[in-house]
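Participant: Please see the structure below; I have some questions.
The values are calculated or read from the model by the stated rules, or taken from the named source; none is laboratory data. Everything numeric here is computed off the predicted structure, so don't read it as measured data. As a convention, Cβ positions derive from the backbone with ideal geometry for all residues, glycine included, and neighbour counts pool all protein chains shown. The accessibility values were calculated without ligands, DNA or RNA, using every heavy atom of the protein model including side chains. Shrake-Rupley method; radii C 1.70, N 1.55, O 1.52, S 1.80 Å.
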Amino acid sequence: MPVQEHDDDPRMPYQLPFPKEAQEEIVVADAIAQDERIWVPQTENVSFRPLCLNRSQGYWMNLLRVRKSGVLSRHRHPQPVHGFVLKGRWHYLEHDWIAQEGGYVYEPPGETHTLVVPDDVEEMITYFQVNGVMLYVDPWGKTMGYEDVFTKIDMCRKHYEEVGLGADYVEQFIR
Ligand code: FE
């Protein structure tokens, strides 16, 4: 059997309805948002913009933006992370490689790291898929706090309320 049988009409759209229970797609035109209100601040130099907050599978896709000399605190990932660098450059204190613009990074379960943006980079933006939970830890692994898709949703709601977009603004990113 061939990998794919001959298709008489490759440009004919799929003719059946999608599954009744399927969720709606998310289409974000301005993902690297120009509207500053869409960026949710985490610390002074770190913010994120949500793209898909997947509460049903427990992961989130977001753009992480770190400005000059920012640090994303030391944390452990029990689940994998995928990252694609859209702008700038960063590294982890725990590794000797550098993530550069256009580069892809896979972080396996069990990683504990501290993300640092060097002084000569004005701004870095990376597209991250984070699964499950990130545990903020001290240098010896003691848990100091955590983030998951639910804390992300809460942060978005609170911020969007404050900046006048309304708490409901986050709903479009939740699946
Ligand atoms: Fe991480």
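Participant: To the nearest 20 Debye, how big is the dipole of the stretch 38-173 about its Cα centre, given +1 on the beta carbon of each Lys and Arg and -1 on that of each Asp and Glu? Could the numbers behind the result be given before it?
Facilitator: On the way: 13 positive and 18 negative charges, 32 e Å.
For this selection, approximately 160 debye.
Participant: Tally up the carbon and sulfur contribution to the accessible surface of the chain as a whole percent, 1.4 Å probe, everything protein left in place.
Facilitator: On the way: 5770 of 10880 Å².
C and S fraction of accessible area: 53 percent.
Participant: What whole-number value in Å² describes the accessible area per residue of the stretch 38-173 for a 1.4 Å probe? It would help to have the intermediate numbers written out before the result.
Facilitator: Values: 6710 Å² over 136 residues.
Here the per-residue accessible area is 49 Å².
Participant: Follow-up question, since we're still on this one. Across the stretch 69-86, in residue order, what do the Karplus-derived ³J(HN,Hα) couplings come to in whole Hz, using 6.51 cos²θ - 1.76 cosθ + 1.60 with θ = phi - 60° and x for Gly and Pro?
Facilitator: For the stretch 69-86, the Karplus curve yields 6, x, 10, 9, 3, 3, 8, 10, 10, x, 10, x, 10, 10, x, 9, 7, 8 Hz.
Participant: Grab the DSSP H runs of the chain that are 4 residues or longer, score each as -39,500 (n - 2.57), total them, divide by all residues and round the 222 nm result to the nearest 500 deg cm²/dmol. Before the final figure, lay out each step's value.
Facilitator: Working: 1 runs with 14 residues, N = 175.
Value at 222 nm, helices only: -2500 deg cm²/dmol.
Participant: How long is the gain from residue 31 to residue 4 if the chain were fully straight, where each residue apart is worth 0.36 nm and the alpha carbon distance is subtracted? Write out the running numbers ahead of the final one.
Facilitator: Working: separation 27, 0.36 × 27 = 9.72 nm, distance 3.46 nm.
Extending this stretch completely gives an extra 6.3 nm.
Participant: Grab the other residues whose beta carbon is less than 13 angstrom from that of residue 60, score K and R as +1, D and E as -1, and report the net.
Facilitator: On the way: positive: 49, 55, 152, 175; negative: 147, 148, 154.
That works out to +1.
Participant: A further question follows. Using Cα-only point scatterers and the Debye equation, what is log10 of I(q)/I(0) for the stretch 1-119 at each q in 0.11, 0.15, 0.18, 0.22 Å⁻¹, rounded to two decimals?
Facilitator: -0.55, -0.84, -1.06, -1.43
Participant: Could you tally the net charge around residue 122, taking each other residue with its Cβ under 13 Å from the Cβ of residue 122, Lys/Arg +1 and Asp/Glu -1? Spell out each step's value before the answer.
Facilitator: On the way: positive: 65, 67, 68, 87, 89; negative: 101, 119, 120, 123.
Cβ neighbours under 13 Å give a net charge of +1.
Participant: What does the extension gain come out to for residue 94 and residue 175, with contour length at 0.36 nm per residue minus their alpha carbon separation? Intermediate values should be presented prior to the final figure.
Facilitator: Working: separation 81, 0.36 × 81 = 29.16 nm, distance 3.34 nm.
Net length gain for the segment: 25.8 nm.
Participant: Can you give me the long-range amide H partners of residue 175? Hydrogens built in the peptide plane at 1.01 Å from N, cutoff under 5 Å, separation of 5 or more residues or another chain.
Facilitator: Those lying under 5 Å, H to H, from residue 175 are 53, 54, 55, 56.
Participant: I would also like to ask the following. For residue 44 and residue 87 in the same chain, what is the full-extension length gain: residue separation times 0.36 nm, less their Cα-Cα distance, in nm? Display every interim value, and only then the final one.
Facilitator: Details: separation 43, 0.36 × 43 = 15.48 nm, distance 1.90 nm.
Residue separation times 0.36 nm, minus the Cα-Cα distance, leaves 13.6 nm.
Participant: Between helix 149-162 and the chain, what is the angle of the helix's C-alpha long axis to the longest principal axis, kept within 0 to 90° and rounded to the nearest 10?
Facilitator: The angle comes out near 80 degrees.
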